[in-house]
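Any read-out appearing in this document is the output of simple, stated calculations on the displayed coordinates, not a laboratory observation. All values reported here derive from a predicted model rather than from experimental measurement. Cβ atoms come from the backbone with ideal geometry, glycine included; neighbour counts cover every protein chain shown.
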2 protein chains.
Amino acid sequence: MAQPQLKRIARKEKLGRAGKKAAPKPVVRLTAHDLAARQREISVSEFFTKNRHLLGFDSPAKALLTTVKEAVDNALDACEEAGILPDLLIEIGEISETRYRVAVQDNGPGIVKAQIPKIFGQLLYGSKFHTLRQARGQQGIGISAAGMYGQLTTGKPIRIISKTGPTKPAHEFEIQIDTKRNQPVPVSDRELGDWHVVDPTTGEKSTVEHGTKVELEIEATYKKGRHSVDGYVEQTAIANPHAKVSYVAPDGERHEYARVAGELPKAPLEIKPHPHGIELGILLKMLHETKARNITSFLHAEFSRVSGPVAEEIVKSAGLPLSMSPPKAAREQAEALYNAIQAAKLMAPQSNVLSPIGDELLIEGLKKQVTADFYAATSRSPAVYRGNPFLIEAALAYGGGQLPADELVTMLRFANRVPLLYQQSACAITKSVVSNTWKNYGIQQARGALPTAPMVLMVHIASVWVPFTSESKEAVASYPEIVKEIKLALQDVGRKLGLYIRRGLREADAEKKASYIEKYIPHIGIALQEILGIDDKRKEKVCATLKDTLERSRKNE
Amino acid sequence: MAQPQLKRIARKEKLGRAGKKAAPKPVVRLTAHDLAARQREISVSEFFTKNRHLLGFDSPAKALLTTVKEAVDNALDACEEAGILPDLLIEIGEISETRYRVAVQDNGPGIVKAQIPKIFGQLLYGSKFHTLRQARGQQGIGISAAGMYGQLTTGKPIRIISKTGPTKPAHEFEIQIDTKRNQPVPVSDRELGDWHVVDPTTGEKSTVEHGTKVELEIEATYKKGRHSVDGYVEQTAIANPHAKVSYVAPDGERHEYARVAGELPKAPLEIKPHPHGIELGILLKMLHETKARNITSFLHAEFSRVSGPVAEEIVKSAGLPLSMSPPKAAREQAEALYNAIQAAKLMAPQSNVLSPIGDELLIEGLKKQVTADFYAATSRSPAVYRGNPFLIEAALAYGGGQLPADELVTMLRFANRVPLLYQQSACAITKSVVSNTWKNYGIQQARGALPTAPMVLMVHIASVWVPFTSESKEAVASYPEIVKEIKLALQDVGRKLGLYIRRGLREADAEKKASYIEKYIPHIGIALQEILGIDDKRKEKVCATLKDTLERSRKNE
């Protein structure tokens, strides 16, 4: 970035009478009381209705994608939490050019009746926010926001059918949101008993034993292509080889993504917070809310990586009595404890709680997306930001006739196996790619731009809590630790690529030299024939020998 | 972007038995009831504590800036709403290398006592959210979020002193947030009577007649430079020439930004929503909440640009009775009304409600920042996105020895006169600059990058509701209408720059030719002397004439 010498307009001298000079007499327009009368509470639903672009509903095309994405995220999470290999049916039907019906059905564990209204009709309600575990959903906003968007644009409620087991009755709900109070308003609620479904393509009937179906009518537009629902579903299938995904596009075309891996990925574990990742304010809050009898057991019970002896040591070095009751800690005492925690040598957060895709599946995934000459992948060890374990994986596909040579590289970004399709330039992944020096690997790159090469670059972040730049979860926030890890992953695959490219260049160079010499072999033959007076047969033999020698020297080069 | 031909991994044939193949027997880990037990409400304070990067608190350096910014935004808004020329004192004191005290004092109308706890101790509470009027604050989050961040990192409450007039007593509050309930908890609350302040530099005492002072202790780091508080205060002064700003940096250095304009900018007006900018769901909600007796008067009263006759016409074309009671409209009737509104020809939203900076002050502002060879500015007419009027202004400074020639241009972004210092690449302004074709104006630009030139580029968006990409208000969301207007503004200043650069190139070219010829004039003189046998005096005269002719021809070129 250019950093021009900015001219100071300030007078820097110490001013004797700053702030004392009377301001010109103003025309008072509003008094403090006028202003007070305007103050009002804002419900979180009202907030997000007005700011719906924060949730990914800023354009009709994106609204369609976001709606599908939120429903699919929930479906995959629910299946995995219940240990069920996911089997998804995504249907999008065109009602008009600007209105679509979206339905996502899963074979998950279902949702108990009493929870349905709040899960689908209240923003900031969910099971994942208060835990630290790798999952797609985390905020308790997504699907209810999609419902709110449907209500906002078409007036129609969100419709849910759910069944929790073969012997349990299915329930059907239609739910609206009272945005002023951020509360669900069930419009209808009936028991279905058995739940029969009809295959949208074949018309065949079957019975659902357990699972959930979400259906919405929204204002939207549908486009084909990589940034559309089509691309999202395809990339989702690649990052989730254990899922079977059937997708019926608005044009009626059916895409089947078969299950590639027969096993669920290693189940990610829930962890307690690491003491080095919490703030003083959180410590204070935890001290007041804990059920532990004394600070020592509090530290041991509420945090990870704090054994009994370590807890004692921390409390002692904070100068506090070991048996002190946690809620009785004053702010100063909590601060002493906080400082002792920061100073304590502790093991790094558990790293076995994350579920990476892995080198092999990364390359497999890329191979399914694009045919290239060279593939490389890396899956880094876990690192930590704000106490949260995370890990970065990167892969690239390079060369081959399919990829354009004079375009910027194509980026594929994933967070907890969810493809990120929008807000590319706001993402820590993109920023790391731009600030990496690709010229080191023989790749062209203009200052401040993505590299220019026939290349697809894929980066995945897995974490117990992915920090996104907005509620729409389209871009990863640039925490320094995350940027650093992404760069190391890029350098790893970059170096492999550099070796390949340099070998290619060397080979091309040798090839050029060789073909150059080859061209002259017949002339050498003729010259030798003239000088030595040998016959044609002898000449051919000499030429063949020369060619052979050349070949061998080339191989040994 | 490269758009490789992606390989389909889907089998596209119509599958006869899709979904019927039994999935492998899963190991059920969690049931619907287990999952239900984990569902919980999430308070908006808890949400933003965990997602504090959404509010601009992702790093200690940024936290300092965000805190100052939120306090200054509120101070300037309050002064302007009350018709008072703002007089601000910003003090930052270093407590330790990672802990700072921030205090911002204004001469605004003050805040009535009863409102103070909620304004500073509850997220989503404010006066500006439910209105459509150009202001810095809009969400009711900023200052209480700063307080929450202080509490989170230092455990200290936010401190407020406010006085609403010379005869009113000042009040001092210390407030914390109960994040679980998103409610203020006043820690202390006392009446001060008179409010005496001491100048931090001179030690002089004075009495405050009205105004508010906010003080926080936060975990932060301080750096100098354009992306720091220093740069923010400087740019704020430039975009607010009617404000007097005193800033005491952590190193004790005092910066005084004098008031340049003696008058407040034109007061922005509050408007009603434009009918073309609302969604069906909002219309439904308004129909149920209105006090109007019939739909005709409802349309006329609740929207801008709908006269009585126009309202009647809309209701008629929707096929509804003119006297229909608004809350009685069913969803289908509301939809008919909505469609009739969309089809109706209406005047564009009022454009006189915005308060631009203006061409002249834009260039003045740039001149104060940087010395350059060429300046250009444009202030466009208002346009509309989602029914909200907005306008774009752009200015540039080019050339001169101060700006580096081989770096990317420096961007200065403003929204409602507030400088935006972070998230540059996520911003619609940056995206518009990158996608503009700067080569047309003789400026270098790599694909996907900012142009490379000795140039500072300034863009300002003024709107009754600026859509930001996150709650931290650091980048403008890419609504198509906004991107289009920014591009038109850039093209406008770009063309002016192009003319200047081309003229410069032409002149440089002529200069080169002329100096080339000039060099040969003496030789021509000698040659003529030899050929014609003229004397030295005559030769000199011929040379002078030749030089003169050359000069004149150059000027006429």
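Some values worked out for this structure:
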| read-out | value |
| --- | --- |
| Shielding of A:477-486 by partner chains, average beta-carbon count, 10 Å | 2 |
| Set of aspartates and glutamates near B:Lys291 by C-alpha distance (under 16 Å), chain-local residues within fewer than 8 positions excluded | B:Glu302 |
| Averaged over B:107-119, number of beta-carbon atoms from partner chains that fall within 10 Å | 4 |
| Whichever aspartates and glutamates have a C-alpha closer than 14 Å to that of B:Lys547, once near sequence neighbours (fewer than 8 apart) are set aside | B:Glu511, B:Glu518 |
| Label-point separation in nm, B:Ala301 to B:Lys224, each point 7 Å along Cα→Cβ | 6.1 nm |
| Restraint check, B:Lys50/B:Lys118; A:Lys62/A:Lys484; A:Lys50/B:Lys118, Cα-Cα greater than 26 Å | A:Lys62/A:Lys484 |
| Protection-proxy order for peptides B:434-442, A:452-460, A:81-89, each taking the mean of Cβ atoms within 10 Å per residue, highest first | A:452-460, A:81-89, B:434-442 |
| Inter-chain shielding of B:39-49 (mean C-beta neighbours from other protein chains, 10 Å cut-off) | 6 |
| Selection from A:Ile341, A:Pro326, A:Val310 lying farthest towards where the dipole of segment A:275-343 points positive, charges on Cβ | A:Pro326 |
| Computed [θ] at 222 nm, helices only, for chain A once each DSSP H run of length n ≥ 4 contributes -39500 (n - 2.57) | -11500 deg cm²/dmol |
| Computed lengthening from B:Glu209 to B:Gln350, 0.36 nm per intervening residue step minus Cα-Cα distance | 47.0 nm |
| Segment B:56-170, relative contact order in percent, only Cα pairs under 8 angstrom and at least six apart counted | 23 percent |
| Copies compared at B:His196 - label distances in nm, ascending, label defined 7 Å from Cα in the Cβ direction | 8.7 |
| Nonlocal amide H pairs with B:Ile95, under 5 Å, H built at 1.01 Å | B:Tyr100, B:Arg101 |
| Residues whose placed amide H lies under 5 Å from that of B:Leu346, excluding near-sequence neighbours | none |
| Computed over segment A:328-432: relative contact order in percent, which uses C-alpha pairs under 8 Å that are six or more apart | 21 percent |
| Long-range HN-HN contacts of B:Gln444 with modeled amide H, under 5 Å | B:Thr452 |
| Listed residues A:Leu361, B:Ala243, A:Phe173: farthest to the positive end of the dipole of the protein assembly as shown (Cβ charges) | A:Leu361 |
| Label-point separation in nm, A:Val185 to A:Lys484, each point 7 Å along Cα→Cβ | 5.1 nm |
| Chain lengthening between B:Arg29 and B:Thr545 when straightened (0.36 nm per residue, less Cα-Cα) | 175.7 nm |
| In sequence order, calculated HN-Hα J values of segment B:420-431 (Karplus, 6.51, -1.76, 1.60; Hz; x Gly/Pro) | 9, 9, 10, 6, 4, 6, 7, 8, 4, 5, 4, 4 |
| Prolate/oblate/rounded call for segment A:275-343, Cα gyration tensor, a/c under 1.5 rounded | rounded |
| Label geometry 7 Å along the beta-carbon vector: A:Gln183 inter-copy distances in nm | 1.6 |
| Rounded Å value of the spacing that divides the Cα centres of segment A:145-224 and segment B:430-486 | 41 Å |
| J(HN,Hα) series, segment A:333-344, from Karplus relation 6.51 cos²θ - 1.76 cosθ + 1.60, nearest Hz, glycine and proline x | 5, 4, 5, 4, 5, 4, 5, 5, 5, 4, 7, 5 |
| Contact order relative to length of chain B, as percent, for alpha carbon pairs under 8 angstrom and 6 or more apart | 12 percent |
| Residue-by-residue Karplus 3J(HN,Hα) for segment B:89-95, coefficients 6.51, -1.76, 1.60, Hz, glycine and proline x | 10, 10, 10, 10, x, 8, 8 |
| Listed residue (A:Val104, A:Leu64, A:Ala82) projecting farthest to the positive dipole end of segment A:48-134, Cβ model | A:Leu64 |
| Of A:Lys128/A:Lys316; A:Lys473/B:Lys128; B:Lys223/B:Lys431, pairs whose Cα-Cα distance is over 30 Å | A:Lys128/A:Lys316 |
| Exam field: B:Gly442 pseudo-label spacings to other copies (7 Å along Cα-Cβ), nanometres | 4.1 |
